[in-house]
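The values are calculated or read from the model by the stated rules, or taken from the named source; none is laboratory data. In this text, all values refer to a predicted model and were calculated from it rather than measured experimentally. As a convention, Cβ positions derive from the backbone with ideal geometry for all residues, glycine included, and neighbour counts pool all protein chains shown.
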Amino acid sequence: MNILILGYGKMGKAIEEIAVDRGHEIKHKININNTNALKFIDPEEIDVAIEFSQPDAAFSNISYCLERNIPIVSGTTGWLDRKEEVEKLCQEKNGTFFYASNFSLGVNLFFKLNELLAKMIRGHKDYDPDITEIHHTEKKDAPSGTAITLAEGIIAGNDVFKRWVLKENPDTDVAAHQIPITSIRENSVPGKHIVKYQSDIDDIEIKHTAHSRDGFALGAVLVSEWIKGKKGVFNMNDFMNF
């Protein structure tokens, strides 16, 4: 495949390495320093765009691709208040749009485990959930998209909880129907997510720890291979056939 990379930071570089190892060609690499190069790209030369940019650039990057009939795979978080607009544009253009808050196959198994646990614990109201996410200091948004997906999984499986709230300090008040998310930024942490249910008697905890960006990058490349020839809006549930 001929690949357009939108966002050439650490994730973009990891995607490039894995894609080339799998026999693909990187036709263009776009970052904040060369966005003008987009106007010179021939859409006919691109099989898929992989987008890991910044929250303030994601919507325009994705729209650019859909307007030009370039299939787009996006993993940028922090812009999802406009996701419905993108999905509508995709349908209007008969395009291809794949979004995931996390492309790691392990994380997506973790999502399903989280949903199952939420359903199992639904009848046991003594347990209160909270989520902690830890990432590198360069991550711009908080909480992480993965933490939000985990919270949404709990809400879907347990109707006691209605929304999540970012717990910016230990004294933040959290209502009984809310799920607190704590975001921590530390040097050189690819990603760690912890879901904990606490009661007066005991705690139940599940955790996913990423050791590098390679799992995210590999998942993005595998998805890009999978969407070839497909039209519509897709996510990791489609890819992993859950």
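For the stretch 81-115, the candidate set comprises residues that are more than 15 Å from the chain's Cα centre (by Cα) and among the aliphatic types (A, V, I, L, M); within that set, the residue that is nearest to LEU150 (Cα to Cα) is LEU113. The residues of the stretch 203-217 that are within 26 Å of LEU116 (Cα to Cα) and in contact (Cβ under 8 Å) with a residue 24 or more places away in the chain, listed by number, are ILE204, ILE206, HIS208, ALA210, GLY215, PHE216. Residue pairs whose Cβ atoms lie under 8 Å apart, sitting 6 or more positions apart in sequence or on different chains, and linking a residue in the stretch 141-163 that is over 11 Å from ILE181 (Cα atoms) to a partner that is among the aromatic types (Phe, Trp, Tyr) and buried (at least 17 other Cβ atoms within 10 Å of the Cβ), are THR149/PHE111; GLU152/TRP164; GLY153/PHE111; ILE154/PHE161; ILE155/PHE161; ILE155/TRP164.
Condition test on LYS167, is it surrounded by 15 or more Cβ atoms within 10 Å (Cβ to Cβ), under 11 Å from ASP130 (Cα atoms) and either within 22 Å of the chain's Cα centre (by Cα) or not charged (D, E, K, R) (or both)? Lay out the reasoning, then the answer.
On the way: surrounded by 15 or more Cβ atoms within 10 Å (Cβ to Cβ): yes; under 11 Å from ASP130 (Cα atoms): yes; either within 22 Å of the chain's Cα centre (by Cα) or not charged (D, E, K, R) (or both): yes.
Yes.
Of ILE134, ILE194, ILE179, ILE148, all but one fail to be outside the structural domain of ALA220 (by TED's automatic domain parsing) and closer than 30 Å to GLU225 by Cβ; the exception is ILE148.
Close contacts from the stretch 12-40, counting a first residue that is in contact (Cβ under 8 Å) with a residue 40 or more places away in the chain and a second that is among the aliphatic types (A, V, I, L, M) and not in a helix (DSSP H, G or I), with Cβ to Cβ under 6 Å and a gap of 6+ residues or different chains, come to GLY12/ILE5; ILE15/ILE50; ALA19/ILE3; HIS24/MET1; HIS24/ILE3.
So which residues in the stretch 192-212 are out of contact with any Ser or Thr (no Cβ under 7 Å at 6 or more places or on another chain) and crowded, with 19+ Cβ neighbours inside 10 Å, if there are any at all? Don't jump to the end; show me each part of the working.
Initially, the stretch 192-212 is screened for residues out of contact with any Ser or Thr (no Cβ under 7 Å at 6 or more places or on another chain), giving 195-209, 211-212.
The answer is VAL195, TYR197, HIS208.
Within the stretch 51-85, the set of residues being of a type in the set (Asp, Glu) and modelled with pLDDT of 95 or more comprises GLU51, GLU67, GLU84, GLU85. Please work out which residue is farthest from MET240 (Cα to Cα), limiting yourself to the stretch 106-124 and to residues that are in contact (Cβ under 8 Å) with a residue 40 or more places away in the chain and touching a helix residue (DSSP H, G or I) at 6+ places or on another chain (Cβ under 7 Å). Restricting to residues being in contact (Cβ under 8 Å) with a residue 40 or more places away in the chain and touching a helix residue (DSSP H, G or I) at 6+ places or on another chain (Cβ under 7 Å), the top hit is ALA118.
Counting only residues that are aromatic (Phe, Trp, Tyr) and crowded, with 21+ Cβ neighbours inside 10 Å, which one in the stretch 43-95 is farthest from LYS10 (Cα to Cα)? Let's see the steps before the verdict.
Filtering the stretch 43-95 for residues aromatic (Phe, Trp, Tyr) gives 52, 59, 64, 79.
Narrowing further to those that are crowded, with 21+ Cβ neighbours inside 10 Å: 52, 64, 79.
Numbers: PHE52: 9, TYR64: 22, TRP79: 19 Å.
Out of the qualifying residues, it is TYR64.
Just checking, how many residues over the stretch 180-191 are surrounded by 10 or more Cβ atoms within 10 Å (Cβ to Cβ) and more than 19 Å from the chain's Cα centre (by Cα)?
Taking the stretch 180-191 first, the residues surrounded by 10 or more Cβ atoms within 10 Å (Cβ to Cβ) are 180-186, 189-191.
Restricting the remaining residues to those that are more than 19 Å from the chain's Cα centre (by Cα) gives 180, 186.
Count: 2.
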